Amino acid sequence: MSRKRLLFPEEVRESLTRRFDNQHRNWLNQQGEWPLVMALGSPTERDVTEDAPGIRAWVTAWSAWHDTGEISWEDRQWPRLGQQRIPTSFTLVSAEQLATVVGQQRRWTCACERYGRLIIQWPILAGSSVLPRYFDVLADYSGTDFERLCSLMLWLERNPRSALYLRQLPIEGLDTKWIERRKGLVTDLVCAIRGEFQEADFFAACGLRRPRHRIRVRLLCPSLRKAVGGLEDLEAPLEEIAALPLAPVAAVIVENLETGLALPDLPGVVALMKLGGAVGVLDVVPWLQGIDAVYWGDIDTHGYAILNHARRALPGLRSVLMDKETLFNYRNLWVEEPVQNDGAELSLLKDYEQIVYEGLHSHAWGRNIRLEQERIPWACALKVLQVAFLRSIR
């Protein structure tokens, strides 16, 4: 029967490294049981007789240990080998000791100091899951970045409903790009400090003014352009676009900007470009309601999700070049959709659209296939679009 495995120092260090990686966040909240005792093995006299060099190397390795932690030794009296001293266990009494052993002492100490500072300022954070979740922020932020974060949190606490734009925040050294990259962190901290239910929206949680949503529109008809002083390509806040004195007879919604810019004049038609998931805002545009509207997006799972969302705003919306025939006509142009949508039911898709959507999601024709609209030859696509509007623009 083989002897029980003996643990060498580097094996213990590797095991502790895995433990640190998996549990260090919980330890910030004083979770975890200490001391931590690791058995190193218990060789018998027979084990020593059969593998004296191996046992000697093991004992020597632990004798040379000078790092943090306590090694327990035991004297064994064996009939043939006499008294032998062997290591039996390795003990760490705290997370700080473990962090030292695995080379994380600086990060652990920094995280603990900053954690302590934050819970003194905001006691409600003690025991919360928020700070442990952002261990890397506490451990790795530069001193300047951490001070900026603290200054921002203090200001937001004192001004919970300022209705300012990001650029207006009167905090020294703070810039909008710095905050933009940390919206999730700031939102989580604000909500935890206020003891509120998690608010996913950064601007609502922080009481800041949201930049107005902008949409881009092209007026493909000379008569429509006259109504706005001859302008043809417009980008403005949604409210201003909605207030334009327009009376189109049809609209085309395209996801690709270059596609929208390439569209020729079409009598009575407006084009809306690159809205993505924000397409649902179109329900507040009065001159789009009740007219013939066409949507053309990529044939992929996200394209159909956007189409479904758009139909909530414009119930009569038709799709073009998003059917199975189009997909297979350009099979040689397929690419991969990096990440499919979450598979939510899209109840507003037409039957022929639903067939393609389900086929894409089930990988019926290949894994994560996608046909991007800009890959379809322009002459072919334009002909289909013009035919789609024949009824409306006669």
Give the residues of the stretch 297-318 that are outside any loop (DSSP other than H, G, I, E, B), within 17 Å of Leu360 (Cα to Cα) and either of a type outside the set (A, V, I, L, M, F, W, C) or open to solvent by 70 Å² or more (accessible area, probe 1.4 Å) (or both), sorted by residue number. Thr301, His302, Gly303, Tyr304, Asn308
Taking the stretch 368-381 only, how many residues are assigned to a helix (DSSP H, G or I) and open to solvent by 30 Å² or more (accessible area, probe 1.4 Å)? 5
Scanning the stretch 228-260 residue by residue, those surrounded by fewer than 14 Cβ atoms within 10 Å (Cβ to Cβ) and in a helix (DSSP H, G or I) turn out to be Glu239, Glu240, Leu257, Glu258
Residues of the stretch 304-334 classified as among the basic types (Lys, Arg) and in contact (Cβ under 8 Å) with a residue 40 or more places away in the chain, total: 1
Within the stretch 335-367, how many residues are out of contact with any Gly (no Cβ under 7 Å at 6 or more places or on another chain), free of Cβ contacts under 8 Å to residues at least 60 places away in the same chain and open to solvent by less than 90 Å² (accessible area, probe 1.4 Å)? 19
In the stretch 312-334, the residues that are under 22 Å from Leu385 (Cβ atoms) and either small (Gly, Ala, Ser) or under 28 Å from the mean Cα position of the chain (by Cα) (or both): Ala313, Gly316, Ser319, Trp334
Which listed residue, of Ala293, Ala271, is modelled with pLDDT of 95 or more, closer than 30 Å to Ile355 by Cα and touching a Gly at 6+ places or on another chain (Cβ under 6 Å): Ala271
With the requirement that a residue be open to solvent by 60 Å² or more (accessible area, probe 1.4 Å) and over 21 Å from Leu314 (Cβ atoms), what does the stretch 382-393 give you? Lys383
Which listed residue is at pLDDT 95 or above, basic (Lys, Arg), within 25 Å of Arg194 (Cβ to Cβ) and open to solvent by 30 Å² or more (accessible area, probe 1.4 Å), from Arg148, Arg107: Arg148
From the set of residues in the stretch 274-296 that are open to solvent by less than 10 Å² (accessible area, probe 1.4 Å) and not in a helix (DSSP H, G or I), which is nearest to Leu382 (Cα to Cα)? Trp296
What is the number of the single condition among (1) among the hydrophobic types (A, V, I, L, M, F, W, C); (2) over 30 Å from Gly116 (Cα atoms); (3) touching a Leu at 6+ places or on another chain (Cβ under 6 Å) that Ala57 does not meet? (3)
Within the stretch 336-356, the count of residues that are over 19 Å from Ile253 (Cα atoms) and part of a helix (DSSP H, G or I) comes to 5
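The values are calculated or read from the model by the stated rules, or taken from the named source; none is laboratory data. Keep in mind that this is a model prediction, so the values were computed, not measured. Heads up, the Cβs are rebuilt from the backbone with ideal geometry, glycines too, and the neighbour counts pull from every protein chain shown. To get the accessible areas, we keep the full protein, side chains included, count just its heavy atoms, and leave off ligands, DNA and RNA. Shrake-Rupley method; radii C 1.70, N 1.55, O 1.52, S 1.80 Å.
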